[in-house]
Amino acid sequence: MTRFVLLGARRFPPAEISPVSVAADIGRAILFMEIARRWRLLDSCAAGPAEFDKPRALLTMWAGCPAAAALQAEMWSRVTGFDVSVWPVIGDRNGGPHEPGMSGS
């Protein structure tokens, strides 16, 4: 397994959305992250303010190959509405590909 960074940015200008729609989107995003954690695919995450030229959220995910990481990004994009790009982690301090949940120290 290899680690990939999924970088999500909100599309600007944001679409008009209702509070009910926001609540549903948040629920789907939480469910996506819970499932990814349960399957040990989600390594870590971070979120920032929604600004025009800055990322909104970042997920570090485990995937068996770039195509699998791209599929994870596509699913996350569908759930959140983010434009998602995928970046392989290079120079992993744990020595590169290994099993999720295994400590390198």
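Taken together, the values in this text are just the output of simple stated rules run on the coordinates, not laboratory data. Given the structure is predicted, the values throughout are model-derived calculations rather than measurements.
Distant-in-sequence amide contacts of Cys45, defined by a placed amide H-H separation under 5 Å and a gap of 5 or more residues or a different chain, comprise Thr60.
Available extension along the chain between Ser21 and Arg78 is 19.1 nm, counting 0.36 nm per residue and deducting the alpha carbon span.
Subtracting the Cα-Cα distance of Cys45 and Leu58 from 0.36 nm times their residue separation leaves 4.1 nm of extension gain.
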